[in-house]
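Here is the structure we will look at, set down as structure tokens.
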Amino acid sequence: MKSISVVGSGTMGNGIAHIFAQHGYEVSLIDIKSEFLEKALTTISKNMDRQVAKGAISQEEKDASLSRISTFTSLEDGVKQADLVVEAATENMALKLDIFRQLDQFSPPKAILASNTSSISITKIAAVTKRPTQVIGMHFMNPVPVMKLVEVIRGYATSDVVTKTVMNLSRNLSKDPVEVKDYPGFVANRILMPMINEAIYSLFEGVAGVAEIDTVMKLGMAHPMGPLQLADFIGLDVCLSILKVLHEGFGNPKYAPCPLLVNMVEAGFKGVKTGEGFYQYS
Ligand code: CAA
């Protein structure tokens, strides 16, 4: 594997492009507008500066890594050389299915098609392609350059050889991959989102305030961020949509999103990205 295409240059996409380039892969970063791509390259450069500052990589390694990233606004041009495509577009089912139909059409027949989806079924995504054995989930965690986990999700039809290739590839990125099956929320979000939802319920029911709930989990359980701060960091709209997938997928009321979360998202309070969620950011 030499040539990796990354579809979507937002927070997850630019982090994924960053680590592939840093580990010697040629990266084609694709988005619909050139200004999104310019912003992504600036973010990658700043994040690599942090690594240079602490001696994790040299300035020469940073420059070489950046030179391995090419940008494209045409999906067709961006994937035609790909050995692997990692899709990291917005978490929207119709959009992802449409992207995968195009990836199947434009990428080489041997290419593996991966999705960084946090909760959409890999089996369903694979079913719109003519190569379901070569479709897999590669779920990176935010911030991608820092977090060690890749949740590797096997769809119903994903082959053993493709799973093995993606597990090994993740190790080549200095990540620790974990193989999981394709059921709602996989493992990471099946466990994380009910915890976040319960923290929001604790606030909603007046058990404690925002800072108090987060302090309990940070100091009591050694979590790097409290659940409400983490929800702001992930995006409250993303948390809500994952909870809906769990709720619908299992048909179990224990996953029902807290009404406070629903209201906050309706009101546009989506966390860090909108400047306000459980905390204010400005
Ligand atoms: N790129 C490169 N380096 C980065 C970085 C980035 N984007 N962001 C942070 N860093 C580095 C910093 O340079 C720093 O490095 P050193 O310790 O070597 O100096 C280190 O990471 C810690 O960063 P900070 O000092 O700025 O801040 P912090 O100590 O508060 O850590 C954090 C920040 C790593 C985000 C930490 O708070 C954390 O681990 N939070 C929890 C993150 C988490 O749970 N992520 C998973 C979210 S769920 C998800 O992604 C999946 C989903 O489907 C929803």
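Key figures for this structure:
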item: Cβ-Cβ under 7 Å pairs, at least 6 apart or on other chains, region 53-79 side in the same structural domain as V146 (by TED's automatic domain parsing), far side loosely packed, with under 11 Cβ neighbours inside 10 Å and at pLDDT 95 or above; result: T73/K33
item: Among residues of region 10-49, those that are more than 14 Å from the ligand (Cβ to nearest atom), in contact with a helix residue (DSSP H, G or I) (Cβ under 9 Å, 6 or more places away or on another chain) and among the small types (G, A, S), counted; result: 2
item: Subset of region 170-189 [within 13 Å of F140 (Cα to Cα) and not in a loop (DSSP other than H, G, I, E, B)]; result: S170, R171, D176, P177, V178, E179, A188, N189
item: Residue within region 164-175 that is more than 18 Å from the chain's Cα centre (by Cα) and among the charged types (D, E, K, R) present; result: yes
item: Exclusive hit being touching a His at 6+ places or on another chain (Cβ under 9 Å) and free of Cβ contacts under 8 Å to residues at least 40 places away in the same chain, set V178, V144, V161, V152; result: V152
item: Residues that are crowded, with 24+ Cβ neighbours inside 10 Å and among the small types (G, A, S), drawn from region 227-254; result: A231
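The values are calculated or read from the model by the stated rules, or taken from the named source; none is laboratory data. Since the model is a prediction, treat every value here as computed from it, not as a measurement. For neighbour counting, all protein chains shown are included, and Cβ atoms are generated from backbone atoms with ideal geometry for every residue, glycine included.
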